[in-house]
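These notes are about the structure you will find just below.
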Amino acid sequence: MKTIHERFMRLAIDKARQGIKNGQTPFGVCISKDEDVVSCVHNIVWESIDITAHAEIHAIREACKRLNTVDLSGCVIYSTCEPCPMCFSACHWAKLSTIVYGTRIGDAKKLGFSELTIPNDTMKQLGNSPIEVVGNILRKENLELFKLWSEQENKRIY
């Protein structure tokens, strides 16, 4: 039986695949509320020439516009990779209820991304954040995104 986490994570994975095909990095995100999709996007750093346009930031911006609020309480963010400290902070400030991720920051670091390898659990603890963190959902499928991206001739990294 497919769990709710798997359902929304697969949407994030599909977006990441789309991003890879469009010359972006292998990261996708889906934000849900009450089991409905609020936003579902991929990373657009290279498309927008904006180093802050990580998939999580892009999805939060879209969700805030769609819901006409900066308070995303009750929303869950599904990320193909554990959010970096910038993205974790944005999730905290947006008051997202839960972060669900597939791969870990260290996995992205191994590919050459210039990650600050501070796990979400550490950010949550040090910042006393109420956000719930659930990791390793569909980990194998999310790792496949890194493999797919690595095989691209036009891949760019930051």
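Between VAL37 and GLU141, the FRET efficiency estimated from the beta carbon spacing at R0 = 25 angstrom works out to 0.85.
Per the helix-only calculation at 222 nm, which mean residue ellipticity applies to the chain, given -39500 (n - 2.57) for every DSSP H run of n ≥ 4 and division by its residues, nearest 500 deg cm²/dmol? The helix contribution divided over the chain gives -13000 deg cm²/dmol.
Here are labelled values, (i) 15.2; (ii) 16.0; (iii) 17.5, and one is the computed Kirkwood radius over Cα pairs in Å for what I pasted. Which one? So the calculated entry is the one marked (i). Relative contact order of the stretch 1-61: 27 percent, from C-alpha pairs under 8 Å at least 6 residues apart in sequence. Go through the cysteines of the chain and tell me which have no other cysteine Cβ under 4.7 Å away. So, CYS64, CYS75, CYS81, CYS84, CYS87, CYS91.
Report the GluC sites (Glu not before Pro) located in the stretch 1-74 that are in a DSSP loop and have at most 14 other Cβ atoms inside 10 Å of their Cβ, or state none.
Values: sites: GLU6, GLU35, GLU47, GLU56, GLU62; in loops: GLU35.
Passing both the DSSP loop test and the Cβ count: GLU35.
The calculated FRET efficiency for LEU11 paired with GLN125, based on their beta-carbon distance and R0 = 30 Å, is about 0.55. Think of a 1.4 Å ball rolled over the protein heavy atoms: the chain then has 51 Å² of accessible area per residue.
Given R₀ = 25 Å, FRET efficiency for ILE49-GLU153 by Cβ-Cβ distance, to 0.05? Efficiency at R0 = 25 Å is approximately 0.75. For the chain, the carbon plus sulfur part of the accessible surface works out to 52%, probe radius 1.4 Å.
The values are calculated or read from the model by the stated rules, or taken from the named source; none is laboratory data. As the structure is a prediction and not an experimental result, all values here were calculated from the model. In this analysis, Cβ positions are derived from the backbone assuming ideal geometry, glycine residues included, and neighbour counts consider all displayed protein chains. Heavy atoms of the whole protein, side chains included, go into the accessibility calculation; ligands, DNA and RNA do not. Shrake-Rupley method; radii C 1.70, N 1.55, O 1.52, S 1.80 Å.
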